[in-house]
Structures are given as C-alpha cells and as structure tokens.
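Every read-out reported here was derived from the displayed coordinates using simple, explicitly stated rules and does not represent laboratory data. What you are looking at is a predicted structure, and each value in this text was computed from that prediction instead of being measured. Positions of Cβ are backbone-derived with ideal geometry, glycine not excepted, and every protein chain shown enters the neighbour counts.
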Amino acid sequence: MKVLLVHPYFLSLDAHEQNVMKPYPPLGILYLSAFLKTKGFDVRVFDGTFSEPDAFFREVDHFQPDAIGFYVNMMTRHNALKLRAGLKSKALCFVGGPDTTHYVGAYLAHGFDAVILGEGELPTWQWLSQISNPDQWIQIPGLAFKQESMVMANPAAKPSTPIEEFPMPDRQSIHLNQYLDCWGKHHGYRPINLITARGCPFQCTWCSHSVFGYSLRKRSVNHVLAEMEWLNRHYNFNAYWFADDVFTIQKNWTLEFAQAVAQNGHLKKPFETITRADKVDEAVVEALQRSGCSKIWIGAESGSQTILDAMKRGVKRDQVKWVVQNLRRVGIQTGMFFMWGYTGEGLTEILDTIQLAEECQPDTALTTISYPIKGTPYYKTLQEQGLLGPEHDFENGTDRQNPINGRYADSVYHEATHLLALRLKLVKYQNQAGLRKWLSPLPRMQAWRSLRRLNHLINSG
C-alpha cells in the first residue's frame, strides 16, 4: 500500500516566518514515516516548507497513493483544509496532530475519512492495515471516523511504547539540507533538531496535552547518543536543537548525558533547549555547561506569584531569577517566555512581570498573549465562568482567536511588550554603555512615555 504523509506548512505563505527564517523539519511526521516503513508500507513524505501547494497535487498525481495523511496544528489547519478540498484523488485521507482531538467532527465534515487521536504511530498503522475493512475500525484505539452519519471516536490509548522501540525519524525522506542551508544563510549556523523525550507530566492550565496526555517517556542516554552519532555521519551541521518540553526533567539523566558527551567529544556541539526553573539546580547548571548548552529557554510566564499559582505552574518567581543568573555565570545564554492576559492579571501583575525581566536580564525575551486552547483546563475554567466568547470559525480562525470577555484590549499587551523591551534596554545601557550614556535622558524618557501609554490604555479600556 502506498501512503503519502503531508506536512502542510508553506514558508511562502507565512509572512511572519519569512522575517524570522527559523524553520525546523517536522519530526513527528518523520517518526511516523519511519515506523510505517518498518511495517511494509510504501511511504513518501511531502514537506511543504520550501515548496508550494501546487507541488502537493503534482506529487499526488505522480505517486498515486492509496492513503494520504496530514499532520496538523493551529498553524497548518487551513492549509490542510485547502489541500483536502482541492484533491481529486480517490485515496482515503486521514489527519492527525495536536489540533485534531477537539475538532474531530469538523475535520470529518471537511472530507477526511479518519482522524488519528493521540500518539500517531500505532493507530495509523492499525487503521491502514484495516483500511478496506471499515467494520473493524471500531476496534482501533485512537481512531475517529463516521459510521453513516454518526461520528465514532475511540479514545486514544495511553502512550506506553518506549521511544527506543520506534525507529529514528525518516530524515532522508525530505530535503533536510534545505533547512540547514536556510539557517546558515540567515543566522550563520546550521542546527539540527531531535528529541530526548515525549510528553510532559506537569499541569500548567493553558498547555495542551492532546497528543501524549500527561505521560513522560525519556530515551536512554545511549539511545540519544546513537542518534547524534548517526546525524554527524550524514549531515553537515554545527548545533543541536533538543525540542523537548522539559529537557532537564530528570536530573540523573542530565548528569549522565553530560558525562557521556564528555566521553564522546566528537559529538559535542552547542545546543539550545527548553526547561523549567524548578528542574535546574547547581549540579544541572554545571552539567548543561559541560555538555555544550549554549542557550536555554525558560518559561517564566509571569512575574506575579499569584498568576503563576493560578496557572498551576508549580514554579516560584525566585527560582526563575536564580536559574537565569546562574546560567549566565557559566556562560549559557537565556531566553525567557512571558505570557500576558491570564485571568486575574492587572497593571500590578504586568509591572511585576516587567520587573522580573529587568532582574533576570535574559539575552532574549519573547511574549505572547494567552489564548485558551480547546480541551485545556484554562479553556474549561473560562467557559465555566462565562468569560469565553463565541468559538472561532473553524475554517478561518484558530484557538488563538477564541475571545476572552472582560480582558484588556490587545493594545495593552502590545504596549506592555514595548515597555518590557525598553526596560531591558535601559538595564543593558546601565551595564555596558557607561555612566554617561546611562544618564542620557532619551532611553529613560522612552520608557516613561511607554508606561504612561500603558496606564492610559488600561484606564480608557
């Protein structure tokens, strides 16, 4: 059986990413491709990143697949819908990914024959194996489909297969060097992405767990090093991106990884990753430095402990500050994520967040406005409190457009981001530019004006 797996993301249609130019290969669909090939399927991957929608239809005409599978998230939903609508092939179409779980009926109504729920490998294999026997579909965990006019959704099984039992991602099915060349051209280095774990057990209210639930499966250090060895033999790159939710979630693993990298020096390259402040202590800081970590991203989210507790982050404000300062001490850059607009946030909490950023002085600070993803505790709480507005249009919106009643206008949060950037700039001037430049009234005047605008927007809104 011939199967075409589709990553329906097109850089040419993403004006924002064209300014950033930091695309990464779609590991999830590459894991699925490798797995299906071990089961005897003839699999091809259409990666739209550096391509055009018309190329997808040409690939379908040329390959003539029996089944076409789309991986979707919020960013790629609309592209997938358009590609499905334009298909003239008689192939059965299925869809999976983090966007599908809570929109099963909508995807089935838009022409998909099946929806994969949760982790994709096992239900996709089982469905493809029974694709000509619809009577058996009801037996497949993690599969949704229509039976006559009724939507049938079999709950996904809890992910339990050790990651080591899945083959490595099928990177050779795409033009991976296009990603490396893109990074090299625009940023001067060539990173490659991989994961050491699947899932996250933490209870943050706004985070979606629609694929892996609250499970965690960590690969062994030796298994990760084997993949790093393979990558070094096959590709010309000079950095890693470990795309885990929480890289240092297991302290002993982190220490073992640092020791293993030290013993295999040819594999050591700078790497970036993400973690939580409560999963970093002195020993972990030193281990990250020894293993080559060049930058680590911390989900600070808010400088208000009240808001952090409401989010069920399980992290203390002072932990964030300690981690950033100690990572800087050993030469590791830091990035911090901040989230505006969570329920209960007012001007005081906004200023608390800006103050935390000033105290931490991260190398990079990124902000977002909170949005309720369907199925999350945050979404359910807003719904119960009557604060959630009408659901977005499935074809033309995403969960980012789910309105929250009673919240400040987005202009408030845009100004807060501007003020945060100005305050960080002032701190940088103070630390690096000398007293004369620090005493210059211009940067201080800009920050003062921004604070006035922020107050005005809040009081007038």
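Observations on the model:
- Loop-resident trypsin sites (Lys or Arg not before Pro) (DSSP state other than H, G, I, E or B) in region 309-379 with no more than 15 further Cβ atoms inside 10 Å of their Cβ: Lys312, Lys316.
- Euclidean distance between Cα centres, region 89-139 to region 258-326, Å: 38 Å
- Charge context of Thr161, other residues only, Cβ under 14 angstrom, K/R +1, D/E -1: +2
- Most positive-pole-ward Cα, Val280, Gly86, Ala109, against dipole of the chain from beta carbon charges: Val280
- Here's the list of lysines a cross-link from Lys2 could span, going by alpha-carbon distance under 26 Å and ignoring same-chain residues fewer than 8 apart: Lys37, Lys39, Lys82, Lys88, Lys90, Lys146.
- Relative contact order, percent, region 139-286 [alpha-carbon distance under 8 Å, six or more residues apart]: 21 percent
- Beta bridges assigned by DSSP with both partners in region 239-333 are antiparallel in approximately 0 percent of cases.
- Structure-based [θ]222 nm, the chain - -39500 (n - 2.57) summed over DSSP H runs of at least 4, per residue, nearest 500: -13000 deg cm²/dmol
- Within a straight-line Cα-Cα reach of under 27 Å, Lys269 can be paired with the following lysines, leaving aside sequence neighbours fewer than 8 residues apart in one chain: Lys22, Lys185, Lys218, Lys251, Lys279, Lys295, Lys321.
- Applying the criteria of a DSSP loop state and at most 12 other Cβ atoms within 10 Å to the chymotrypsin sites (Phe, Trp or Tyr not before Pro) of region 196-285 yields Tyr214.
- Region 310-403: GluC sites (Glu not before Pro) in DSSP loop, at most 15 other beta carbons within 10 Å: Glu391, Glu395
- Less than 5 angstrom separates the built amide H of Cys293 from those of Phe271, all sequence-distant by 5 or more or on a different chain.
- Annotation: amide H-H contacts under 5 Å for Phe46 (H modelled 1.01 Å from N, sequence separation of 5 or more, or interchain): Leu5, Val6, His7.
- Those aspartates and glutamates that a straight Cα-Cα span of less than 18 Å connects to Lys425, excepting residues fewer than 8 apart in one chain: Asp352, Glu358, Glu359, Asp363, Glu415
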